[in-house]
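Colleague: Could you have a look at this structure, given as structure tokens, before my questions?
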């Protein structure tokens, strides 16, 4: 099949080739949203809703102010087709935003009418047992999305959900790995500083750590930075370990 003549096929093929390590999570979200806008007609605006901390919905990308306005109205009211889509894991299609059925979502209904949006489709972003959020499509005309449009949107979102799930997992793991690496480096530099203090003050490891902690609190400086100054002093400075906190009066003159 020639995918160049079918925007949806071209979009899903691009999604399948997308390398998540080559882009930030934000760039991945924007790419997915723009592909949706280009391949799912007659959508004129698109918003991507994710659950911050898997609890609070936020719009992580909106193609314009229309999408952002309608999304935010739903968050403020804690009600709307977008929220129903990811909570129920079902497609929620509103053919006519002025129809009586939308009265159960007053903020959504008012925002749609104020922005001139006549119909919307919200599709859950689901991968396995996890629901990440929803893809929201907006059109000015009423009854803009027919069954074929919904089927195409569902096909797209199935591929997009996998990409977003993989991207989210990748960046979560990468952030964890980076944090662990930083923690290991901090621990190493602190241990080296403790060794220097123990040698200079003839004290125990616990006493050396206490010196570092007191210097950190006194100067409002991170303990790791205090340790780094001891281990790697400036070239033009004479290394001075933190004071021991012991009373000089107890020592012999």
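The values are calculated or read from the model by the stated rules, or taken from the named source; none is laboratory data. Just so it is clear, the structure is predicted and the values come from calculations on it, not from any experiment. Here the Cβ is made from the backbone with ideal geometry for all residues, glycine too, and neighbour counts use every protein chain on show.
Colleague: Is it fair to say residue 161 is closer than 30 Å to residue 37 by Cβ and either loosely packed, with under 11 Cβ neighbours inside 10 Å or modelled with pLDDT of 70 or more (or both)? Before the answer, list the steps.
Modeller: Working: closer than 30 Å to residue 37 by Cβ: yes; either loosely packed, with under 11 Cβ neighbours inside 10 Å or modelled with pLDDT of 70 or more (or both): yes.
Here the answer is yes, as residue 161 does meet what is asked.
Colleague: Quick one: residue 148 ticks every box in (1) under 27 Å from the mean Cα position of the chain (by Cα); (2) under 20 Å from residue 40 (Cα atoms) except a single one, so which number is it?
Modeller: Every listed condition holds for residue 148 apart from (1).
Colleague: Let me ask something additional. Residue 85: part of a loop (DSSP other than H, G, I, E, B) and surrounded by 21 or more Cβ atoms within 10 Å (Cβ to Cβ), yes or no?
Modeller: No, not satisfied.
Colleague: Residues to consider are 91, 58, 40; find the one that is surrounded by 15 or more Cβ atoms within 10 Å (Cβ to Cβ) and under 19 Å from residue 28 (Cβ atoms).
Modeller: 40
Colleague: Give just the number: which of (1) at pLDDT 85 or above; (2) part of a helix (DSSP H, G or I) does residue 141 not satisfy?
Modeller: (2)
Colleague: Is it true that some residue in region 124-134 is more than 23 Å from residue 29 (Cα to Cα) and surrounded by fewer than 24 Cβ atoms within 10 Å (Cβ to Cβ)? Show your work before the answer.
Modeller: Taking region 124-134 and keeping what is more than 23 Å from residue 29 (Cα to Cα), we get none.
Taking every residue of region 124-134 in turn, none turns out to be more than 23 Å from residue 29 (Cα to Cα) and surrounded by fewer than 24 Cβ atoms within 10 Å (Cβ to Cβ).
Colleague: Only one residue in 117, 66 is more than 22 Å from residue 165 (Cβ to Cβ), touching a residue at least 40 places away in the same chain (Cβ under 8 Å) and either part of a helix (DSSP H, G or I) or outside the structural domain of residue 144 (by TED's automatic domain parsing) (or both). Which one?
Modeller: Of the residues listed, the single one that is more than 22 Å from residue 165 (Cβ to Cβ), touching a residue at least 40 places away in the same chain (Cβ under 8 Å) and either part of a helix (DSSP H, G or I) or outside the structural domain of residue 144 (by TED's automatic domain parsing) (or both) is 66.
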